[in-house]
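Contents: one structure, followed by commentary.
Bear in mind these aren't lab numbers, they're just calculated from the coordinates by the rules spelled out. The structure presented is a predicted model; accordingly, all values stated were derived computationally and were not measured. Don't worry about glycine lacking a Cβ; one is built from the backbone with ideal geometry, like all the others, and counts go over all protein chains shown.
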Amino acid sequence: MLSIIQAAGWPIWPLIVCSVLAMALVIERFVSLTTSRIAPPQLLDEALRVSRDAAPIPDVVTQLEKNSALGEVLASGLRALNSNPRCAEEDLRATMQGAGREVAHRMERFLSALATIASAAPLLGLLGTVIGMIEIFGSQSPNTATNPAQLAHGISVALYNTAFGLIVAIPSLIFWRYFRTRVDAYLITLELAAERFLRHLKTLRRSA
């Protein structure tokens, strides 16, 4: 592997950096986008239970907020209701939507970087190949006979960059699509849970 990297020349180093960065982003997203961190299955039911008759105390709301991303959205509605028991439905909805946007932004973090790597890696590989081909043909002298074996070896070395670019780009694209789909599914879950919790908060507001 080291001999291939050395043979491919300096253009392959940006691809190596991209591969390391892509791997780090994939690992980070796998850790961050777990169900326990985003939307625990029983959390909504627990939040409805503890706020069945009235909004819970601030300590309970804080604990809910720290639980997960869904907890942050639900806690934002409870905080708004605690601060103003007769706040308008539009204010409750706006508060929870604002919290939801913050959560969505965090879930989508680094996905654009992964998509950029998936798009740029083949181009970097192609650039390395073109540079290698220019160096190969530029080194040929019109006054000397061309060695076909040496020329073929030089071309194969130049193509290492294209191959490595595809090796980096294909997994990056696959993981980007996977995480994009996962985030979209989480967003739908959060939206449905927030809408159900908002209806519950409306009943608390009327009874306040």
- So between residue 62 and residue 113, what do we pick up on full extension, going 0.36 nm a residue minus the alpha carbon distance? 15.1 nm
- Query: Counting other C-beta atoms within 10 Å, which of 73, 31 has the fewest, and how do the rest follow?
  - Reply: 31, 73
- Query: How much mean residue ellipticity at 222 nm does the chain get from its helices, if each DSSP H run of length 4 or more adds -39500 (n - 2.57) and you divide by all residues, to the nearest 500 deg cm²/dmol?
  - Reply: -28500 deg cm²/dmol
- Message: Testing the spin-label approximation: label points 7 Å from Cα along Cα→Cβ at residue 177 and residue 16. State their distance in nm.
- Response: 3.0 nm
- Looking at the stretch 8-69, which trypsin sites (Lys or Arg not before Pro) are DSSP coil and have at most 12 other C-beta atoms within 10 Å of their C-beta? 52
- Note on the structure: For the pair residue 105 and residue 30, the simple spin-label estimate (label points 7 Å beyond Cα toward Cβ) gives in nm 2.9 nm
- Query: In nm², what is the average projected area of the convex hull enclosing the Cα atoms of the chain?
  - Reply: 14.5 nm²
- Note on the structure: Footprinting proxy, 129, 181, 116: sorted fewest to most Cβ within 10 Å, the residues are 181, 116, 129
- Query: What is the order of 112, 68, fewest Cβ neighbours within 10 Å to most?
  - Reply: 112, 68
